[in-house]
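Enquirer: Below is a structure I'd like to ask you about.
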Amino acid sequence: MQIERSVIFLMAGRKSNGEGTISVVTRNGKPYYKANITIGWDSEGKQIRKSFGSYKKSVVLDKMNTAKYQAKTNSLSNSDITFGKLFENWIFNFKKIDVSPNTFYEYEASYRLRIIPYSIARKKANQITLNDLQKYFNELQENFTINTIKKTYIQIHSCIKFALIQGIMMKDFCPGVTLQKLVKKENVNVFSKEEQELVIKNLDIRNIVDALIYLTFYTGLRLGEVLGLQWSDINGNMISITRQYRRNVEVEKVNDRKLTYKFKELKTKNSAREIPLPDKVLKMLENLPKDHDLIFSDNGKPIEPKRPQRRITALCKKLNIPHRSFHSIRHSYATRLFELEIPIKTVQVLLGHSDIATTMDIYTHVMKEKKLEVLDKLNNL
């Protein structure tokens, strides 16, 4: 009678081409050695495995070493997986468990919009050359912004590094690709002091959306942060930023996604902060209903995130102000602080910026405006 027991697996995690597992079992009262090794990938992105066994460990090791050599030397020419299938396999089987749902949505969108429609998706991964990659990125430049292309480049580069580890591709050509340089925008989109005063004058702070906009002009909060504010966050004339209400995208398969909004932790530790509230804002808050935990709510639920932007768009149109985004209010808050000569480090803390370079971008814009004011004064001497 043949008996197998005491299986011992030596593998931890997924193996690349040329790597595998050895297990030992008891068969007929003797140790019996079994091995499994990945020798390639099929066109659907699934592993091709080879198995063998022997009562002699040395025989199994010899067979395994031979298979390793064959996998290293032949897998590249034998693999039929296309780059499109490779990328899909990578994002759904590896990246999905490693990133947030929102970040994964960006990977899925790249695959759906910027890989599938292009010929590189149908080319065998192990046959891709530098010329193929350069041609592909040149084609992307006809339809997408430089910033989007750079993000796609980073994703593809990561996928190719994964393919190198798996033995699917032999060389990483990404460093040789030339991308169009990103031209930094000269101006930060802000409300001038006069425009800000005009908008605030036209707000009806009895309306919950207008009240939200009013508070944002004096705190510079991100939309997700202001939507997540609760009455318990207020302590005297200070308000604590501890949560955000943000979009959450869950993707089960290509072109199958579910959009929801959820309360989440702040993106970085610098985002957690306390911000002073001017007396005029405290007075406004006193007059708001306090029937629910959220400061700005619609019958206890967070305000629909698109409503503040729609209101800003309508106000700008009514007041003949160039189009501004809701995020422009945040930049306007920072600009007012710099105009008051508040130190850059303090502004960084109030805005919750992780990198002071982000704060400096706004500061540079303000300094340009001040230089123009000086020039006007000199011209009028």
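The values are calculated or read from the model by the stated rules, or taken from the named source; none is laboratory data. Quick caveat, the model's predicted, so the values are computed rather than measured. Glycine gets a Cβ as well: all are built from the backbone with ideal geometry, and neighbour counts include every protein chain shown.
Enquirer: Determine whether region 173-188 contains at least one residue that is touching a residue at least 40 places away in the same chain (Cβ under 8 Å), out of contact with any Ser or Thr (no Cβ under 6 Å at 6 or more places or on another chain), within 16 Å of Phe137 (Cα to Cα) and of a type in the set (Ser, Thr, Tyr).
Expert: Yes; the residues of region 173-188 include at least one that is touching a residue at least 40 places away in the same chain (Cβ under 8 Å), out of contact with any Ser or Thr (no Cβ under 6 Å at 6 or more places or on another chain), within 16 Å of Phe137 (Cα to Cα) and of a type in the set (Ser, Thr, Tyr).
Enquirer: Give me a count of the residues in region 178-204 that are modelled with pLDDT of 95 or more and either among the β-branched types (Val, Ile, Thr) or touching a strand residue (DSSP E or B) at 6+ places or on another chain (Cβ under 6 Å) (or both).
Expert: Count: 2.
Enquirer: Can you tell me which condition Lys262 does not meet? The list is (1) at pLDDT below 95; (2) assigned to a helix (DSSP H, G or I), and all the others hold.
Expert: It is condition (2) that Lys262 fails.
Enquirer: For region 252-308, which residues satisfy the criterion of being of a type in the set (S, T, N, Q) and without any contact (Cβ under 8 Å) to a residue 60 or more places away in the chain?
Expert: Thr260, Asn299
Enquirer: Tell me, which residue of region 196-234 that is charged (D, E, K, R) and buried (at least 20 other Cβ atoms within 10 Å of the Cβ) is nearest to Asp298 (Cα to Cα)?
Expert: Per the criteria, the residue is Glu225.
Enquirer: Could you grab the pairs with beta carbons closer than 6 Å, sequence gap of 6+ or different chains, first residue in region 49-65 and at pLDDT 80 or above, second one among the polar types (S, T, N, Q)?
Expert: Matching pairs, first to second residue: Ser51/Asn36; Val60/Ser54.
Enquirer: Shifting gears a bit: Being closer than 22 Å to Thr359 by Cα, in the same structural domain as Lys317 (by TED's automatic domain parsing) and not in a loop (DSSP other than H, G, I, E, B): is that true of Glu250 here?
Expert: No: the conditions fail for Glu250.
Enquirer: Another question, then. Could we say that Asn237 is more than 21 Å from Tyr333 (Cα to Cα) and either surrounded by 12 or more Cβ atoms within 10 Å (Cβ to Cβ) or modelled with pLDDT of 85 or more (or both) here?
Expert: Against the criterion (more than 21 Å from Tyr333 (Cα to Cα) and either surrounded by 12 or more Cβ atoms within 10 Å (Cβ to Cβ) or modelled with pLDDT of 85 or more (or both)), Asn237 does not qualify.
Enquirer: Let me ask another. Within region 141-159, work out how many residues are touching a Phe, Trp or Tyr at 6+ places or on another chain (Cβ under 8 Å) and of a type in the set (Phe, Trp, Tyr).
Expert: Looking only at that region, the number is 1.
Enquirer: Do any helices (runs of 4 or more DSSP H) lying entirely in region 302-364 carry at least 1 residues that are among the small types (Gly, Ala, Ser), and which ones are they?
Expert: The qualifying helices (runs of 4 or more DSSP H) are 307-318, 327-339.
Enquirer: Now a separate question. His327 is checked against (1) within 23 Å of the chain's Cα centre (by Cα); (2) within 20 Å of Thr242 (Cα to Cα); (3) surrounded by 19 or more Cβ atoms within 10 Å (Cβ to Cβ); (4) not polar (S, T, N, Q) and fails just one. What number does that condition carry?
Expert: (3)
Enquirer: Checking Thr346 against (1) modelled with pLDDT of 95 or more; (2) more than 20 Å from Ile208 (Cβ to Cβ), only one condition comes out false. Which one?
Expert: Only one criterion is unmet by Thr346, namely (1).
Enquirer: Filter region 156-177 for residues that are crowded, with 19+ Cβ neighbours inside 10 Å and touching an Asp or Glu at 6+ places or on another chain (Cβ under 9 Å) and give the result.
Expert: Selection gives Ile160, Ala163, Gly167.
Enquirer: Among (1) buried (at least 16 other Cβ atoms within 10 Å of the Cβ); (2) closer than 19 Å to Tyr333 by Cα; (3) out of contact with any strand residue (DSSP E or B) (no Cβ under 8 Å at 6 or more places or on another chain); (4) not aliphatic (A, V, I, L, M), where does Asn270 come up short?
Expert: Evaluating Asn270 over (1) buried (at least 16 other Cβ atoms within 10 Å of the Cβ); (2) closer than 19 Å to Tyr333 by Cα; (3) out of contact with any strand residue (DSSP E or B) (no Cβ under 8 Å at 6 or more places or on another chain); (4) not aliphatic (A, V, I, L, M) leaves (1) as the failure.
Enquirer: Mind checking which residues of region 158-183 are closer than 19 Å to Phe144 by Cα and of a type in the set (D, E, K, R)?
Expert: Lys181
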